Amino acid sequence: MTGKKNFVIVGAGLAGASAAKELRDQGFEGTIQLIGKEPHAPYIRPPLSKGYLQGSEGLDAVYVHPQDWYDEHNIDVHTGATVVGVDTAEHTVALSGGETLRYDKLLLTTGADSRQPTIDGAGLSGVHTLRTLDDSNAVRDKLADGGRSVVLIGAGWIGMEVAATAKSLGNKVTILDRNAVPLAGAIGDELGTFFAEKHRSHGVTVRSSVIVDRIIGANGQLSGVVLDSGEEIPADLVMVGIGAVPNTSLAHAAGLAVDNGILVDSALNTSAPNVFAAGDVANELHPVIGMRLRTEHWANALNQGAAAARSMLGQAESFDDIPYFYTDQFDIGMEFSGYGPLMKDARIAYRGERDSGEFVAFWLKDSVVVAGMNVNVWDVNDQVQRLIREKTVVDEARLTDSAVALADV
Ligand SMILES: Cc1cc2nc3c(=O)[nH]c(=O)nc-3n(C[C@H](O)[C@H](O)[C@H](O)COP(=O)(O)OP(=O)(O)OC[C@H]3O[C@@H](n4cnc5c(N)ncnc54)[C@H](O)[C@@H]3O)c2cc1C
């Protein structure tokens, strides 16, 4: 593409920053305006519940690019700027300050926000959710010295990671979850139980199948969490991790097709011409499995943002990455790749003993690998992804035999 085109990116998170980089890497010479409502330059979120929250990592671990990178690449970053309207007919976006920007191509990378608790007491001081750098800063110091009673409501990835971080800093930690097994929705009962047992072995109280009725306190300050059984669990810090909600209101108001995210095709086109979406907010029709996937993971934001940039430049794009995720909790480092919708009814086969804490789990459907998760085993995820991508029937004896290189399966 030649000439001074104006590309606008709404949402200065990882997907937006990744798109901006890819546009320049591909030689785009027009204007790039990256607009984000947070007061910070683009940053990544995984450290916010892990190393940054723990204090072992600083701000340098969270920023996507160094501060001067944006100037060097002539990218206009508008921080603290909220886009309040998109006019697809006029090709403009409106900022909350009254400014209007014209675009030739528009990318929406508005991400997701924490689902907010609605139970009584959710507004008390000491009750938190975790999505932003500011959210992480709000609890970082409180956890640092240990000795607090920390209650996590919700045993998803963020709840489990914050529990591990809080416990390793010497706090008393209780996880409350309405489901029978933590993380079961993502990785099933067997492996969810593995994570729950790891937490218990480190002294975390994991309580499943419990319903939180309300949060209580006095003078605006929380004192505990009450279950529907009437039982009261003392707390001086509550973290609610009950999922994330995609930020679709802007797209919806602009008349774009929205259904659990902004609907995009595999080239990341929305229903409106010249408007694209990527990252947590995008619900893509995945070209390999033919189903819609809205993936709330770091790697998706990184790679889908770049793919959207290529699409904006008119390159043929079909974003077919296999969803990938990682987590660190206590002494567990884990990578997961796979298609969530295909894991239903799949059987799990192990390479290595689950109880040893070092293994690769494969989800098999009709002897075809649809997902895989390596725990404290490294440099295998490329092979896991290869097996998923090839979709061939595997020899299960060889797959589960650690003496056979995965490359030879
Ligand atoms: C605590 C935490 C830990 C995580 N850990 C992991 C992990 O270990 N592994 C992993 O794979 N993934 C992890 N994730 C998920 C990963 O961080 C997300 O998938 C990723 O941040 C998505 O990037 P994004 O750019 O699509 O959206 P976001 O990061 O949500 O960025 C979107 C940005 O757009 C801005 N915005 C929204 N609306 C507007 C508007 N109207 N105007 C201007 N700006 C707007 C938002 O303020 C936000 O800054 C974690 C997430 C959290 C919160």
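A few remarks follow.
- Test: residue in segment 179-186 that is open to solvent by 30 Å² or more (accessible area, probe 1.4 Å) and either of a type in the set (S, T, Y) or at pLDDT 95 or above (or both): yes
- Note on segment 304-325: among residues that are surrounded by fewer than 17 Cβ atoms within 10 Å (Cβ to Cβ) and within 24 Å of the chain's Cα centre (by Cα), the one that is farthest from the ligand (Cβ to nearest atom) is S318.
- Filtered residues of segment 134-153 (kept if open to solvent by 10 Å² or more (accessible area, probe 1.4 Å) and of a type outside the set (A, V, I, L, M)): D134, D135, N137, R140, D141, K142, D145, G146, G147, R148, S149
- Qualifying residues in segment 326-356 (those that are modelled with pLDDT of 95 or more and at positive phi) - the one surrounded by the most Cβ atoms within 10 Å (Cβ to Cβ): G338
- Positions within segment 292-303 being open to solvent by 40 Å² or more (accessible area, probe 1.4 Å) and more than 7 Å from the ligand (Cβ to nearest atom), in sequence order: R292, R294, L302, N303
- V275 vs. criteria surrounded by 14 or more Cβ atoms within 10 Å (Cβ to Cβ), farther than 30 Å from A307 by Cα, β-branched (V, I, T) and at pLDDT 95 or above: no
- In segment 199-216, the residues that are part of a strand (DSSP E or B) reach residues that are of a type in the set (S, T, N, Q) with C-beta atoms within less than 9 angstrom, at least six apart or across chains, in these pairs: T205/T174; V206/T174; R207/T174; D213/S229; I215/S223; I216/S223.
- Segment 8-64: number of residues that are of a type in the set (S, T, N, Q) and either in contact with a Cys (Cβ under 6 Å, 6 or more places away or on another chain) or near the ligand (Cβ under 6 Å from one of its atoms) (or both): 1
- Of all residues in segment 246-267, those being among the aliphatic types (A, V, I, L, M), buried (at least 17 other Cβ atoms within 10 Å of the Cβ) and within 12 Å of the ligand (Cβ to nearest atom) number 4.
- Segment 108-136, residues that are touching a Leu at 6+ places or on another chain (Cβ under 8 Å), of a type in the set (A, V, I, L, M, F, W, C) and under 28 Å from T295 (Cα atoms): L108, V127, L130, L133
- All helices (runs of 4 or more DSSP H) inside segment 1-75 with 1 or more residues being charged (D, E, K, R) and either open to solvent by 40 Å² or more (accessible area, probe 1.4 Å) or touching a helix residue (DSSP H, G or I) at 6+ places or on another chain (Cβ under 6 Å) (or both): 14-25, 67-72
- Subset of segment 85-115 [surrounded by fewer than 17 Cβ atoms within 10 Å (Cβ to Cβ), away from the ligand (no atom under 11 Å from the Cβ) and either under 22 Å from Q304 (Cβ atoms) or touching a residue at least 24 places away in the same chain (Cβ under 8 Å) (or both)]: D87, R102, D104, R115
- Test for W363: is it open to solvent by less than 40 Å² (accessible area, probe 1.4 Å), within 24 Å of the chain's Cα centre (by Cα) and of a type outside the set (S, T, N, Q): yes
- Candidate set: segment 341-360, residues that are over 17 Å from Q385 (Cβ atoms), of a type in the set (G, A, S) and assigned to a loop (DSSP other than H, G, I, E, B); chosen: the one farthest from the chain's Cα centre (by Cα): G352
- Yes/no for A81 being farther than 21 Å from A244 by Cβ and near the ligand (Cβ under 8 Å from one of its atoms): yes
- Listed by position, the strands (runs of 3 or more DSSP E) inside segment 89-143 whose residues that are under 15 Å from N6 (Cα atoms) number at least 2 are 92-95, 100-102, 105-108.
- Hey, A122 closer than 30 Å to L250 by Cα, surrounded by fewer than 21 Cβ atoms within 10 Å (Cβ to Cβ) and touching an Asp or Glu at 6+ places or on another chain (Cβ under 7 Å) or not: no
- Count of segment 366-377 residues which are closer than 20 Å to D321 by Cβ and either under 24 Å from the mean Cα position of the chain (by Cα) or modelled with pLDDT under 95 (or both): 6
The values are calculated or read from the model by the stated rules, or taken from the named source; none is laboratory data. Every value quoted in this text rests on a predicted model; they were computed, and no experiment measured them. Neighbour counts run over all protein chains shown; Cβ positions are idealised from the backbone, glycine included. What goes into the accessible areas is simple: the full protein's heavy atoms, side chains included, and nothing from ligands, DNA or RNA. Shrake-Rupley method; radii C 1.70, N 1.55, O 1.52, S 1.80 Å.
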